[in-house]
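Values in this text are rule-based calculations from the coordinates and carry no lab data. As the structure is a computational prediction, the values presented were derived from the model and not from experiment. Virtual Cβ from ideal backbone geometry, glycine too; neighbours counted across all protein chains shown.
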Amino acid sequence: MVAQPSARERLLDAAEHLAFTQGVAATPVDVILKQANVAPATLYSHFGNKEGLIVEALRRRLARWDQDWQREVSTAATAKEKLLAVFPALTRYRSGPATARWCAFLSVAAESPHPSQLLDEALRSDTELLTTRLHELAIPVVGTGEAQALAERLALILTGVLGMMLRAANPDKVIADGYATAKTVVEATTVSTAP
């Protein structure tokens, strides 16, 4: 017999499945509770409130994303491939257990024009991971002088890919097109910074 996930994990799973596919505001707490098969007191004892649950679901999601991205970077053979590994990582991540129509962080940010400090910190942690890692990976490719600008361009391309996934019939093609665009930008930047 397979052990059932803990009440805490069921709540996190339900939040990901419902709130990150239908929207946080459109998903009432009672629907999450029903999906998780837990009482309201369980949610409040583990997370304090719905926002606490969403914040923890975002943190768990970011940890999974970070692992998938690191795995792709570690298997890439060249500095350029490591820098572009964010796109294969996105394909890998989408094939895992995390459900969402697009980026849960962008979705929650769009729904939260005035987030609390706790929610704002969770949202910023995703942006910080993205920009910091891209910057670090860009240094061996273009040097310190151009690394920040290249990282910002790649972050913009990735964000566009995530947005287009909402509209596309084939999200994998969107990721492939984003990868090709990013590769062109990296190549152009490399040529312009060559001694």
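Working from Cα pairs under 8 Å separated by at least six residues, relative contact order for the range 80-168 is 37 percent. Relative to its residue count, the range 1-84 spans a Cα convex hull of 122 Å³ per residue.
Less than 11 Å Cβ to Cβ from residue 8, Lys/Arg counted +1 and Asp/Glu -1: what total charge do the surrounding residues give?
Value of the local net charge: -1.
Centroid-to-centroid, using Cα positions, the range 56-126 and the range 30-48 are 25 Å apart.
For the range 63-149, what number results from the quotient of the Cα radius of gyration and 2.2 N^0.38 Å?
1.21
When only Cα pairs below 8 angstrom with a gap of at least 6 residues are kept, the chain shows a relative contact order of 20 percent. Quick one: pull the percentage of alpha-carbon pairs in the chain with a separation above 20 Å. Value for the chain: 59 percent of Cα pairs lie more than 20 Å apart. Its alpha carbons give the range 84-195 an Rg and a Dmax of 15.1, 48 Å.
Kindly provide the helix-only [θ] at 222 nm of the chain, computed as the sum of -39,500 (n - 2.57) over DSSP H runs of four or more divided by all residues, to the nearest 500 deg cm²/dmol?
Computed mean residue ellipticity for the chain: -24000 deg cm²/dmol.
Rg ratio for the range 130-195: its Cα radius of gyration over 2.2 N^0.38 Å, N being its residue count, equals 1.18.
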